[in-house]
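**Q** My questions all concern the structure below.
The values are calculated or read from the model by the stated rules, or taken from the named source; none is laboratory data. As the structure is a prediction and not an experimental result, all values here were calculated from the model. Every residue, glycine as well, gets a Cβ built from its backbone with ideal geometry; the counts of neighbours run over all protein chains shown.
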Amino acid sequence: MNLLQNIPWLVLLVVLPLAGSMLCFLFPQRGKLLGLMTALAIAASVLALTYQIMGQVVNQGALRYAVGGWGAPLGINLYVDGLSLLMLLVTALVGLAISIYSSGYFNNDKAKHFWPLWMLLWAALNALFLSADIFNLYVTLELMGLAAVALVALAGGADALAGAMRYLLVSLLGSLCYLLGVALLYHSFGSVDIVTLGQRMESSPAVWAAVGLMTTGLLLKTALFPLHFWLPPAHASAPAPVSALLSALVVKASFYILLRLWLEVFPVASASLEQSLGQLLGLLGVAAVLWGGVQALRQTRLKLLVAYSTVAQIGYLFLAFPLASIIGWKAAFYMLLSHAVAKTAMFLAAGNIMFYGGHDRIVDLDQVAHRLPLTLSAFGLAGISLMGLPPSGGFIAKWLLLEAAILSGQWWWGIILIVGGLLTGAYVFKVIGYAFIESDLPHESRAVPKRMEWVALILALLAIAMGLIVPRLLSLMEIGSPFAGSSL
Amino acid sequence: MNWDAWMPLLIVLSSLLVGLVIFVLAEDRVKTRIWLNMAGALFKLVLVAIMLWGVFNGHHYETRLPFLPGLDLVLRADALSMLFVVLSSGLWLLTTVYAIGYLEGSPYRSRFFGFFSLCVTATVGVALAGNLITFLLFYELLTLATYPLIVHRGTEASRRAGRTYLVYTLAGGALLLIGTIWLYTLSGTLEFTARGFLSALDSSHHPALVMIFVLLIAGLGVKAALVPLHGWLPQAMVAPAPVSALLHAVAVVKAGAFGIVRVVYDVYGIEFSASLGVTLPLAMLAAVTIIYGSIRALFQDDLKRRLAFSTVSQVSYIVLGIAVVGPVATVGGLVHLVHQGVMKITLFFCAGNFAETLGIHKVSEMNGVGRRMPWTMAAFTIGALGMIGVPPLAGFITKWYLGLGALEAGQGWVIFVLVGSSLLNAGYFLPILYAAWFKAPADSWPAERSFGRHETALALLVPPVITALLVVAVGLLASTPFSPLHWARFITTLEYTP
């Protein structure tokens, strides 16, 4: 057997960022270098893991690993299937990009705090995607939340602290709800392992309560309308790379847990409950798309516009719940992936604009926009994916979701996709329009390091490219057939 | 290596790559940019010529790339697509020459020519699309690539025009998307097939198919400027002249009209469309558009605005020819795809020359302009007479076939539309010609620039003269092989012979 196949890459994925975090903490002067090295190492490990999994035939490609040789129920199991693998991949991609970007963005004082926290967050994210039981999911969720809150507070100043504090409370409340649900399930079935729970699941009031609690907690963390109130202020005050992390990865992680539970733990519990709850989630998604879109259009500051755009885009993810078909789930997951890439590009582009001109007032963008053509191109290309115009990851997701909506006979969900796309077009072009007029900058500008511009552009191009490699991504998604448990 | 499978992709890439390189080119690399532009346009033309010869000799050119499960991206050269490809890549070359002359010395040329190349990429993609999803992809790309060209000048008016354009086209694109997906869920395929692929569907689906037809035509009608979806076109005339040429003759409205042809012929099939009862309303809509556009054109004093309304009217001849249902009318409609392109591009080139050389933007300022700029005005005259339908120019051939076809299909009312529209065309073009040739010029022109020996820059003068000659040639030589008329007949036999 060759070496690549034998190394437990999935353990490395947790250990590497943890070690990186320690090192960055111990050697703050070298934080930038250590952070970048760790980021590269993690990216390489994810690729190796992908290779390892592709070579595996047993278990339909999914990989289970008992840490230290102790399996469930005593030890900790790590588990990789198509869903988690793609989450790990997108996290590595976005993480690497953000690491490169941050190496130019932060001054030394901030960098000293940023790198250890960011590595810790990365460790939490990777561990979360690898968890095979709902209790470990809780632990990693909490860890991720705390690291994210600290990162939001990094900017300093009253706004940032207030935003961070609010985020902290929401985050804790969300995890608490989730933990209560975990306790209820453990009490009922005597296990926290996802597969075991899925097998033993049966309908009872305790289970319904657990479903309600866990879903609510996760919705709060995912910032689904009307529980999104914490997200715009947290984003607005955070540094650009942190905003990108929050939008692209952190809110997605809690959605990922919800998706897992919904696909593998809850289905057997109660079909009728699931159906009506699914309809409710779909309605909230609709409200999110509309509210987020309209609010984004009304914003006068660029970062808030992008933040509300996230609120809207999260709404799309929930349109899959009332459809509850395999193609619908795939569409939502595709949306998640392409949104992660595109939204990172967009936040980084917004960060560049702010970096250059010192402000992000939309009406004064004409002072900046034409001086940063690469950044504006990145913003535009990311916008195309968010709008769902072809060819882009966003278009594919929208196409699949529309197809699922029509096939399930619930075409009205499709209308929201179209309306949301037009709203997105409106706010994206509200910004792009400024690229074509010029006026003088009233004050000194600050040169943007070229790598910060290129990172944003390359990510945006990747968001477009995700519209051209669909069969490959869909077949990765199939590994371990994570969607098999859902109703057809 | 099998070249036949790569030719269509190569033709699309030839301008895409040029565009991408131009984007990153420094602003002052003028020579390199000109060289790249011309090389790209010529290379594309050579490839198209080879492919045209191949298609004529029965070669099958098809590029197929996996896109979605069960759906491929397909680029295919069939007779119909070649008509559009030849038109757009031929006029593309001339427009590039014109644009280089027009924009000399102005800022942001790398951006302009980059998007310019993307625009032709999208158009050729639309032409070569072998199924509805590929078509949709390039159709939306066209929207995105033209927007920066419309707002290029960055004035308040151009930004407003750009906004209007987006509102119309993005909404249209959304309708097209819904129609396409709905169709896909019903039929399970989107592959363009001669005589359509829907007639086998169960008749319980027919109401849905009618709805889908309406969605698709509404989506395409935005770009084809069918009334009442035409509002963006007259506003977009604030764009620079080469962009207007692009919008009106080469790319945008043509993509819409071409899409309608595709939907009627290769998605629904003409006989099935007729049996669904959707062709007569479409013909009526086209007739209304023809008359309405002409009437509005009468009252415009701004030259480019008058031409824009004229486009609204003329493009619908294509739709009318399709919707009348009958081989002869179809020939008229298809051939107008080319004829309208050559005529309208001449007129817009000339309008651009008047504006650039003398500062003339209004019809009322054109008195005596024929004496100052005889070559440009001669080209304009040929274009205008062609539009009116004076034999033996291009427009006459179109109207002749449309009229004959309508009679053959037993739809005599179309004759009145044709006559009425010709009278209106004469009503808004002849006064211009009269004023330009026979009225005495004003003491001074609004903003005159001197270009030495010639009446204007050579790069601005040569393209309209060539296209004007083409207007004469496609009319005079209509019955020779390889003329647009000949090709349109060839396409029609494919659709109508059993």
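**Q** Take region B:21-74 and flag every residue that is in contact with a Gly (Cβ under 6 Å, 6 or more places away or on another chain), over 29 Å from B:F490 (Cα atoms) and aliphatic (A, V, I, L, M).
**A** Listed by number, the list holds a single entry, B:I22.
**Q** While we're looking at this one, here's another question. Mind checking whether some residue in region B:89-108 is buried (at least 21 other Cβ atoms within 10 Å of the Cβ), closer than 17 Å to B:G352 by Cβ and within 14 Å of chain A (Cβ to nearest Cβ)?
**A** No, region B:89-108 contains no residue that is buried (at least 21 other Cβ atoms within 10 Å of the Cβ), closer than 17 Å to B:G352 by Cβ and within 14 Å of chain A (Cβ to nearest Cβ).
**Q** Tell me the helices (runs of 4 or more DSSP H) entirely within region B:411-498 that contain at least 3 residues that are closer than 30 Å to B:G196 by Cα.
**A** B:413-438, B:484-496
**Q** Between residues in region B:372-395 that are more than 16 Å from B:A457 (Cα to Cα) and residues that are part of a loop (DSSP other than H, G, I, E, B), which pairs lie under 6 Å by C-beta distance while being six or more apart or on different chains?
**A** What qualifies is B:L385/B:L393; B:G386/B:L393; B:G395/B:G389.
**Q** With respect to A:F429, is the statement that it is touching a Ser or Thr at 6+ places or on another chain (Cβ under 9 Å) and in a helix (DSSP H, G or I) true?
**A** No: the conditions fail for A:F429.
**Q** Tell me, please, whether a residue that is closer than 24 Å to A:G156 by Cα and touching a residue at least 12 places away in the same chain (Cβ under 8 Å) can be found in region A:72-95. Spell out the reasoning first.
**A** Our first condition is that a residue be closer than 24 Å to A:G156 by Cα; within region A:72-95, this holds for A:95.
Pick out the ones that are also touching a residue at least 12 places away in the same chain (Cβ under 8 Å) and you get A:95.
For region A:72-95, residues closer than 24 Å to A:G156 by Cα and touching a residue at least 12 places away in the same chain (Cβ under 8 Å): present.
**Q** Among the residues of region A:427-446, which ones are among the hydroxyl-bearing types (S, T, Y) and within 14 Å of chain B (Cβ to nearest Cβ)?
**A** A:Y427, A:Y434, A:S439, listed by residue number.
**Q** Residues to consider are B:L247, B:L216; find the one that is modelled with pLDDT under 95 and among the hydrophobic types (A, V, I, L, M, F, W, C).
**A** On the way: B:L216 fails: modelled with pLDDT under 95.
One residue alone meets the criteria, B:L247.
**Q** Quick one: what pairs do we get from region A:39-53, first residue surrounded by 16 or more Cβ atoms within 10 Å (Cβ to Cβ) and modelled with pLDDT under 90, second not β-branched (V, I, T) and not in a helix (DSSP H, G or I), C-beta under 9 Å, 6+ apart or different chains?
**A** Pairs found: A:L49/A:L63; A:Q52/A:L63; A:I53/A:A62; A:I53/A:L63; A:I53/A:D81; A:I53/A:G480.
**Q** Please pick out the residue among A:L280, A:L219, A:L290, A:L227 that is in a loop (DSSP other than H, G, I, E, B) and either surrounded by fewer than 24 Cβ atoms within 10 Å (Cβ to Cβ) or free of Cβ contacts under 8 Å to residues at least 24 places away in the same chain (or both).
**A** None of the others qualify; the one that does is A:L227.
**Q** Continuing with the same structure: Is it fair to say A:L172 is surrounded by fewer than 24 Cβ atoms within 10 Å (Cβ to Cβ), over 25 Å from A:K32 (Cα atoms) and aliphatic (A, V, I, L, M)?
**A** yes
**Q** Find all pairs meeting these conditions: Cβ atoms under 6 angstrom apart; at least six residues apart or on different chains; first residue within region B:169-192 and at the interface with another protein chain (Cβ under 7 Å from one of its Cβ atoms); second residue aromatic (F, W, Y).
**A** Qualifying pairs under 6 Å: none.
**Q** Turning to a different aspect of this structure: Looking at the structure I just gave you, is B:I345 of a type in the set (A, V, I, L, M, F, W, C), surrounded by fewer than 21 Cβ atoms within 10 Å (Cβ to Cβ) and out of contact with any Asp or Glu (no Cβ under 6 Å at 6 or more places or on another chain)?
**A** no
**Q** Would you point out the residue of region A:464-488, among those that are modelled with pLDDT of 90 or more and not in a helix (DSSP H, G or I), that is farthest from the other protein chains (Cβ to nearest Cβ)?
**A** Among those residues, the one meeting the criterion is A:M466.
**Q** May I pose another question? Could you grab the pairs with beta carbons closer than 7 Å, sequence gap of 6+ or different chains, first residue in region B:132-156 and facing another protein chain (nearest Cβ under 8 Å), second one of a type in the set (K, R) and surrounded by fewer than 24 Cβ atoms within 10 Å (Cβ to Cβ)?
**A** B:P148/B:R111; B:V151/B:R159
**Q** Moving on. Counting just the residues of region B:18-72 that are charged (D, E, K, R) and over 25 Å from the mean Cα position of the chain (by Cα), which one comes out farthest from the other protein chains (Cβ to nearest Cβ)?
**A** B:K31
**Q** What do you reckon, is B:L166 at the interface with chain A (Cβ under 8 Å from one of its Cβ atoms) and either more than 19 Å from B:S273 (Cα to Cα) or surrounded by 23 or more Cβ atoms within 10 Å (Cβ to Cβ) (or both)?
**A** Details: at the interface with chain A (Cβ under 8 Å from one of its Cβ atoms): yes; either more than 19 Å from B:S273 (Cα to Cα) or surrounded by 23 or more Cβ atoms within 10 Å (Cβ to Cβ) (or both): yes.
For B:L166, the condition - at the interface with chain A (Cβ under 8 Å from one of its Cβ atoms) and either more than 19 Å from B:S273 (Cα to Cα) or surrounded by 23 or more Cβ atoms within 10 Å (Cβ to Cβ) (or both) - is met.
**Q** Any idea which of A:L461, A:L374, A:L381, A:L400 is among the aliphatic types (A, V, I, L, M), within 23 Å of B:P69 (Cβ to Cβ), in contact with a helix residue (DSSP H, G or I) (Cβ under 8 Å, 6 or more places away or on another chain) and assigned to a helix (DSSP H, G or I)?
**A** One residue alone meets the criteria, A:L400.
**Q** Scanning region A:403-426 for residues that are polar (S, T, N, Q) and outside any helix (DSSP H, G or I), which turns out nearest to the other protein chains (Cβ to nearest Cβ)? Walk me through it before giving the result.
**A** Filtering region A:403-426 down to residues polar (S, T, N, Q) leaves A:408, A:410, A:424.
Restricting the remaining residues to those that are outside any helix (DSSP H, G or I) gives A:408, A:410.
On the way: A:S408: 10, A:Q410: 12 Å.
Residue satisfying both the conditions and the ranking: A:S408.
**Q** Follow-up. Can you find even one residue in region B:115-127 that is surrounded by 23 or more Cβ atoms within 10 Å (Cβ to Cβ), within 11 Å of chain A (Cβ to nearest Cβ) and in contact with a strand residue (DSSP E or B) (Cβ under 8 Å, 6 or more places away or on another chain)?
**A** Yes, because at least one residue in region B:115-127 is surrounded by 23 or more Cβ atoms within 10 Å (Cβ to Cβ), within 11 Å of chain A (Cβ to nearest Cβ) and in contact with a strand residue (DSSP E or B) (Cβ under 8 Å, 6 or more places away or on another chain).
**Q** Ok, one more. Of all residues in region A:450-463, which are more than 14 Å from every other protein chain (Cβ to nearest Cβ) and buried (at least 16 other Cβ atoms within 10 Å of the Cβ)?
**A** Listed by number, the residues that qualify are A:M452, A:V455, A:A456, A:L459, A:L462, A:A463.
**Q** Restricting attention to region A:384-395, does a residue exist that is touching a strand residue (DSSP E or B) at 6+ places or on another chain (Cβ under 9 Å), crowded, with 16+ Cβ neighbours inside 10 Å, more than 8 Å from every other protein chain (Cβ to nearest Cβ) and farther than 21 Å from A:V294 by Cα?
**A** Step one: of region A:384-395, the residues touching a strand residue (DSSP E or B) at 6+ places or on another chain (Cβ under 9 Å) are A:391.
From the residues that got through so far, the ones that are crowded, with 16+ Cβ neighbours inside 10 Å too are A:391.
Still in the running and more than 8 Å from every other protein chain (Cβ to nearest Cβ): none.
No, every residue in region A:384-395 fails to be touching a strand residue (DSSP E or B) at 6+ places or on another chain (Cβ under 9 Å), crowded, with 16+ Cβ neighbours inside 10 Å, more than 8 Å from every other protein chain (Cβ to nearest Cβ) and farther than 21 Å from A:V294 by Cα.
**Q** What do you reckon, is B:A161 small (G, A, S) and within 13 Å of chain A (Cβ to nearest Cβ)?
**A** yes
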